[in-house]
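The values are calculated or read from the model by the stated rules, or taken from the named source; none is laboratory data. What you are looking at is a predicted structure, and each value in this text was computed from that prediction instead of being measured. Neighbour counts are summed over all protein chains in view; Cβ atoms, including those assigned to glycine, are modelled from backbone coordinates with ideal geometry. Protein only, heavy atoms only, side chains kept; ligands, DNA and RNA dropped before computing areas. Shrake-Rupley method; radii C 1.70, N 1.55, O 1.52, S 1.80 Å.
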Amino acid sequence: MAEDVYDVLVVGGGASGLMAAGRAAELGKRVLILEKNKRVGEKLYISGGGRCNITNAEEDERVLLHAYGKAEQFLYSVFAQFSNKDTFTFFESRKLPLVVQARKRAFPASEKAADVVHTLERYITDGGVTLRTNSPVTRVLGDKTGIIGVACGAKIYTAKKYIFCTGSVSHPETGSTGDGFKWLEKLGHSIESPTPSIVPLKVKEVWPTLLSGMSLSFMKITFFIEGKKAFSKTGKILFTHFGLSGPLILNSSTAVSDLLYEGVVTATIDMYPDTDLGALERSVISVFDKNKNKALKNVLKDVVPDGTTRGILPLLEGKIDVTKKVHSVTKEERKVLVHLLKALPLTVEGLMGFDRAVIADGGVPLNEIDMRSMQSKKIPNLYLTGDLLHINRPSGGYSLQLCWSTGYVAGTHAASGE
Ligand SMILES: Cc1cc2nc3c(=O)[nH]c(=O)nc-3n(C[C@H](O)[C@H](O)[C@H](O)COP(=O)(O)OP(=O)(O)OC[C@H]3O[C@@H](n4cnc5c(N)ncnc54)[C@H](O)[C@@H]3O)c2cc1C
């Protein structure tokens, strides 16, 4: 066999590419990975804030797959071959114990994403995979009848089977710059245009930016379209220098993106979702009674969640004179304050871009792929994985589980000659 002829050629050494390559090699195939970066797994290193939410530990397969929305029906055969339980076995048998945290999110017990990358590196090394880093694929040679090679500049690599694992377009600095989409479109696949998904929100108001860096655990946000209630969710919000992030916001972003097409989107944050207006007013009265002779601005810290006074004060401007003594705050003014704590106002200006998106929605429609093998229905010797696929999903380990499952299935079938 010529030096550069392989059984399976994997383009992209991210989560799904490493899994696919390792699996094909484990089945005895001669495998090459071409990776444009100087090291593999750049996106994995930053996943889960460096802790890597490796999968979701939901035990009920139907519930798990339901989270993938319209893709659910396509995923049963993939997960029958490699499920979230297999992810646990795969990593734990390779000395990477996992722990399950809130919302069934599983992480490496070390909470180090780098440990996940190293485990996968060992997997490909043990299988004898050839890894060429600093090797951007610049051209794909072939047509609908099949791929005959890929070019890295002047160098051509060939293989019997190809697995494209080049990801999508979120966080392009990690290497995912949409190259795969361009090649696939030329080869006859259709591509649903990628849009940022699981992404923070930009808001018009200044007050959230004053709380930048602070996260509040139990907040309820309600979104409105043209003033009409659209939906509410409760969870953790992170305030940033541009607006809002955190799990609650990231998981609302797809729905908000749809609303933005319909008109003006506003929102309110309820800082005390478990306390009704009456009870909240009574607790404010009790704080006021104990601090009658103090200025309102100095007492505010006792009625708002810890550390949020600097964000709330500007919202009272023009409504209540915060320098006045608490005993002279009128009943109406007190009600304004209480209502505000139950409904901090926001105007959504838009979603942040791909640079801050966890995933980009869009990609190859699943009806163009044989989901039992991840083989392209358009190009016979090509397999596709991970973020290249048009599958919407929430945060919580669902994206990486897709990479493990589709990577494993693609590796298995590319190796088996089906
Ligand atoms: C900030 C952030 C945090 C995240 N956290 C989580 C999390 O905790 N849990 C979770 O489930 N999901 C998370 N995700 C999503 C998850 O990381 C992705 O779904 C996953 O990494 C996609 O893997 P992939 O193999 O499809 O592609 P990628 O990881 O994008 O890998 C593609 C690889 O292909 C290479 N490549 C691209 N073009 C070429 C080319 N022309 N030639 C050669 N190589 C090329 C790239 O350099 C890259 O290494 C996160 C995403 C982001 C951005």
Using 0.36 nm per residue of separation minus the Cα-Cα distance, give me the extension gain between Ala109 and Asn298 in nm, one decimal. 63.7 nm
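Taking segment 77-137 on its own, what percent of its Cα-Cα pair distances exceed 15 Å?
61 percent
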At a temperature of 25 °C and a viscosity of 0.890 mPa s, determine how fast segment 194-346 diffuses translationally according to Stokes-Einstein, using the Kirkwood radius over alpha-carbon pairs as Rh; express D in µm²/s, rounded to the nearest whole number. 151 µm²/s
Gaussian network model of the chain, Cα within-10 Å springs - most flexible of Ser395, Ser405, Ser135: Ser135
For the chain, which whole-number percentage of the solvent-accessible area (1.4 Å probe, protein heavy atoms only) is attributable to carbon and sulfur atoms? 52 percent
Kirkwood Rh, Cα atoms: Rg over Rh of segment 45-119: 0.99
If you line up the Cα atoms of segment 264-390 on their principal axes, what length do they span on each, largest first, in Å? 80, 26, 25
Assigning unit charges at the beta carbon (Lys, Arg +1; Asp, Glu -1) and nothing else, what dipole magnitude in debye, to the nearest 20, does segment 187-239 show about its Cα centre? 240 debye
Could you let me know the centre-to-centre spacing of segment 219-271 and segment 278-340, using Cα atoms, in angstrom? 26 Å
Please report the Cα spread of segment 159-256 along all three principal axes, rounded to whole Å, starting with the longest. 55, 30, 22
When only Cα pairs under 8 Å and 6 or more residues apart are kept, what is the percent relative contact order across the chain? 25 percent
With a cut-off of 8 Å between alpha carbons and a minimum separation of six or more residues, what is the relative contact order of segment 49-108 in percent? 51 percent
Taking H as built 1.01 Å from N, whose amide H comes closer than 5 Å to the amide H of Ile148, not counting residues under 5 places away? Leu141, Gly142, Asp143
Length added when fully stretched, Asp126-Glu262, from 0.36 nm per residue minus Cα-Cα: 43.7 nm
For segment 45-59 and segment 349-376, distance of Cα centres in Å: 18 Å
Looking only at lysines whose Cα falls under 19 Å of Lys43's and that sit 8 or more positions away or on another chain, we get Lys112
About its Cα centre, the chain carries a charge dipole, from +1 on Lys and Arg Cβ atoms and -1 on Asp and Glu Cβ atoms, whose size in debye to the nearest 20 is 860 debye
Can you give the % of DSSP beta bridges in the chain that are antiparallel, to the nearest 5? 75 percent
Straight-line reach only, C-alpha to C-alpha below 20 angstrom: list the aspartates and glutamates that Lys155 could link to, leaving out same-chain residues fewer than 8 apart. Glu3, Asp4, Asp7, Glu35, Asp143, Asp179
Given a 1.4 angstrom probe, what's the average accessible area per residue across the chain, in square angstrom? 43 Å²
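If you take every residue apart from Thr133 with its C-beta less than 9 Å away from the C-beta of Thr133, what net charge results, scoring Lys and Arg +1 and Asp and Glu -1?
Net of charged neighbours comes to +3.
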Cα shape, segment 262-332, gyration tensor, a/c 1.5 rule: prolate
Out of residues 5 or more away from Gln101 or on other chains, whose amide H comes under 5 Å of its own, with H placed 1.01 Å from N in the peptide plane? Ala106, Phe107
Please list, short to long, the whole-number percent of alpha-carbon pairs of the chain in consecutive 20 angstrom bins beginning at zero. 25, 46, 22, 7, 0
Pick from Asn291, Asn37, Asn56: which residue has the top mean-square fluctuation in a GNM of the chain where Cα pairs under 10 Å get a spring? Asn291
With springs connecting C-alpha atoms under 10 Å apart, model the chain as a Gaussian network and identify which of Gly235, Gly407, Gly246 has the largest mean-square fluctuation. Gly235
Excluding same-chain residues fewer than 8 positions from Lys331, which aspartates and glutamates have a Cα within less than 15 Å of its Cα? Glu281, Asp289, Asp321
Please list, ordered by chain and number, the residues whose modelled amide H lies under 5 Å from the amide H of Phe231; skip anything fewer than 5 residues away on the same chain. Phe223
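Let me know the Kirkwood hydrodynamic radius for segment 341-388, please, with Cα pairs as the basis and the value in Å to one decimal.
By the Kirkwood definition, the hydrodynamic radius is 14.1 Å.
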Along segment 362-378, Karplus-curve 3J(HN,Hα) (6.51, -1.76, 1.60; θ = phi - 60°) to the nearest Hz, with x for Gly and Pro, reads x, x, 6, x, 5, 6, 9, 10, 7, 6, 7, 9, 6, 7, 5, 7, 9
Relative contact order (percent) for segment 330-418, with alpha-carbon contacts under 8 angstrom and 6 or more residues of separation? 24 percent
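Give the Rg/Rh ratio for segment 59-184, taking Rg as the radius of gyration of the Cα atoms and Rh as the Kirkwood radius, to two decimals.
Here the Rg-to-Rh quotient is 1.01.
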